[in-house]
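The values are calculated or read from the model by the stated rules, or taken from the named source; none is laboratory data. Everything numeric in this text was worked out from a predicted model, so none of it was measured. Quick reminder, even Gly has a Cβ in these numbers, built from the backbone with ideal geometry, and neighbours come from all protein chains shown.
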Amino acid sequence: MIDVLTVLATLFGLATSLGLGVGQAAAGLNFLFGTPTGTGFQVLLIAIITGLATMSVVAGLDAGVKRLSQININLAVIFMLFIIVVGPTLFIFSVFTQGLGEYLSVLPQLSFWNEAFSDTTWQQGWTIFYWGWWISWSPFVGMFIARISKGRSVRELILGVMAFPTLLSALWMSVFGGTAINLQLEGVRDVATAVNDNVATALFDMLQAFPLTQLTSLLGIILVVSFFVTSSDSGSLVVDHLTSGGKLDSPKPQRVFWAIMEGLIAAVLLIGGGLTALQTAAITTGLPFAVVLLVMCGSLYVAFHEELDLLESHYDAALFRSRHGALLAHHGLGDDGHPLEPADTANPSEE
Amino acid sequence: MADEDLTEVTEAYEDWEAEERRRRREAIYDRRPFEGLQVDPEIDFYPEVADREPGDTNMVKWGFDIHPQVTFWSAGILVVFVAWTLIFQDTAGEVFNEVLSFVGNSFGWLYILAANVFVVVGFFFAFSRYGKIRIGGPEAQPEFTTAAWYAMLISAGMGIGLMFWSVAEPIFHLAGPPPLFGVEPMTGDAGEAALATTFFHWGLHPWGIYALVSLALAFFAYNRGLPLTFRSVFYPILG
């Protein structure tokens, strides 16, 4: 039952992102080549992206996701450096620093704030949508991260997933968002009107304020598509893994089937209800998972406790020996930390 | 302790560290390329689970190899959902809107509270004595370089969203800052609030949720030999 829920959450989560990504790619292509941005064209784009994702799924994890991820990150870093150089460089760094400070200082209040005493509905469209979205993505992102995290300690995994990506997100947002805010407030370019008009054009509208617009917009579109293919690929691996009952290698037609299903759902949701349909699907499937994850915390605590008891009785002595054996021997101590030959000291007469 | 003794001990310790680094490099280099997500269990913590082969109740037909319950339920629900959206195109939008505001109004607090719980629990596990537990047992070595690991987790987790929202979200907040901040739209203050709010939506909370879920799944798969699925996470409390 819970696996069914995971499969559904993964497919809906991916479909939401595919819907957003396609809207953005269509906006970029429209800006570059004057192609239409209507639903029909977007469905065509979904078909193309799904085709690419299917190829990557068939290639498997090493040839597909791993290589794509590295290409993505390299391209994204180049993109970011370009904006830092041509954009308001000093402003970006100063807004990154100040924004981080504001984030940390307002975090306790902001993260528990629930509009309890006001009749505003700001939060529903933002924080609650995001939390639902992240939670509905968490089964598949989590399963994927789990698969690649063997051999890392709990501390390494948690800090690696929480601290570094958080800082990187903040830097990325400062570079792109900060630049856009700067353009807006300085009156250089009215990004806000364009964003209000069609949110998908935001990035491309901002790029027009800088040199080499054609080239950077193309890079933007490539990044949107390749990031999506990577997500979709890891999602298909997860869905495939669950629907084959955990077989080591499931048949290729099955992977292809699920990759195509993703595209189909995104297309239907786009035709049927647009962004609201996608938001609803994401938030609603996230809800049961929020409860599942809360129970999971308890379960994990119980299991960790058990693991530490095990470690203390079985493994710790061996580990301690391999790390500190040399030091101990030097002090004339055995592996257990006690003097090496207690018999000798007890009976000196035998010498 | 005499100086030469100290040197000897330091050398022994450095040798051990070099050995550890070599083992880590070798583990990454020797990794068997894998196609699917399945973890090959190296431990049988629960004998009754270890005796079962994954997918032993599968149906194999027409080039498919499927777990019947999971596949048919998921596919069934999807088909119904997709068909319903297509047939009732006009009313579907309204229904979606109603469901959305119902969930948001009634369970918004649950989302907000739960997300905070995940962040706190994540930090607790990282900084308490549980932090030293290693995924795959004390002797386990990573299968990917740290750079490749980061590249994959960021790409899979957020890449597409970072592309879509990086300009749009701060600008939306600039024009309509969250009421909590009480600042005027389109001012420098609103700019600061906009970035802080964007950091908030893309910061510790989402990554905390991912960290906790991946930690639980990895732990039960590698340290307990259970299949890599959500079912396994509840094994210790539900059996």
Check your understanding: B:E169: acidic (D, E) and assigned to a loop (DSSP other than H, G, I, E, B), yes or no?
Key -> no
- Message: in contact (Cβ under 8 Å) with a residue 60 or more places away in the chain, touching a Leu at 6+ places or on another chain (Cβ under 7 Å) and surrounded by 16 or more Cβ atoms within 10 Å (Cβ to Cβ): is that true of A:T39 in this structure?
- Response: no
- Tell me, yes or no, whether the range A:164-181 has at least one residue that is of a type outside the set (F, W, Y), at pLDDT below 90 and surrounded by fewer than 20 Cβ atoms within 10 Å (Cβ to Cβ). no
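Tell me the residue from A:V58, A:V22 that is under 22 Å from A:V141 (Cα atoms), part of a helix (DSSP H, G or I), modelled with pLDDT of 80 or more and of a type in the set (A, V, I, L, M), please.
Sole residue among the options that is under 22 Å from A:V141 (Cα atoms), part of a helix (DSSP H, G or I), modelled with pLDDT of 80 or more and of a type in the set (A, V, I, L, M): A:V22.
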For the range A:207-233, pairs from a residue that is farther than 11 Å from A:L68 by Cα to a residue that is crowded, with 19+ Cβ neighbours inside 10 Å and of a type in the set (D, E), with Cβ under 7 Å and 6 or more apart or across chains, are A:S232/A:E262
Residue count, the range A:171-226, condition closer than 22 Å to A:G21 by Cβ and either small (G, A, S) or not in a helix (DSSP H, G or I) (or both), comes to 10
Is it true that some residue in the range A:103-110 is in contact (Cβ under 8 Å) with a residue 24 or more places away in the chain and either more than 7 Å from chain B (Cβ to nearest Cβ) or crowded, with 19+ Cβ neighbours inside 10 Å (or both)? yes
Q: Evaluate the following for A:L159: is it within 7 Å of chain B (Cβ to nearest Cβ), within 23 Å of the chain's Cα centre (by Cα) and either not β-branched (V, I, T) or not in a helix (DSSP H, G or I) (or both)?
A: yes
When every residue in the range B:194-230 that is touching a residue at least 40 places away in the same chain (Cβ under 8 Å) and among the aromatic types (F, W, Y) is compared, the one surrounded by the most Cβ atoms within 10 Å (Cβ to Cβ) is B:W207
When every residue in the range A:115-146 that is assigned to a loop (DSSP other than H, G, I, E, B) and among the small types (G, A, S) is compared, the one nearest to the other protein chains (Cβ to nearest Cβ) is A:S118
Scanning the range A:195-212 for residues that are surrounded by fewer than 20 Cβ atoms within 10 Å (Cβ to Cβ) and not charged (D, E, K, R), the one nearest to A:T37 (Cα to Cα) turns out to be A:N198
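State the number of residues belonging to the range A:272-291 that are at pLDDT 75 or above and either crowded, with 20+ Cβ neighbours inside 10 Å or within 19 Å of B:L78 (Cβ to Cβ) (or both).
Step one: list which residues in the range A:272-291 are at pLDDT 75 or above, which gives A:280, A:283-291.
Subset that is either crowded, with 20+ Cβ neighbours inside 10 Å or within 19 Å of B:L78 (Cβ to Cβ) (or both): A:280, A:283-290.
Residues meeting the conditions: 9.
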The condition of being of a type in the set (S, T, N, Q) and more than 7 Å from chain A (Cβ to nearest Cβ) holds, among B:T146, B:T198, only for B:T146
Residues in the range A:169-195 that are without any contact (Cβ under 8 Å) to a residue 40 or more places away in the chain and more than 7 Å from every other protein chain (Cβ to nearest Cβ) total 8
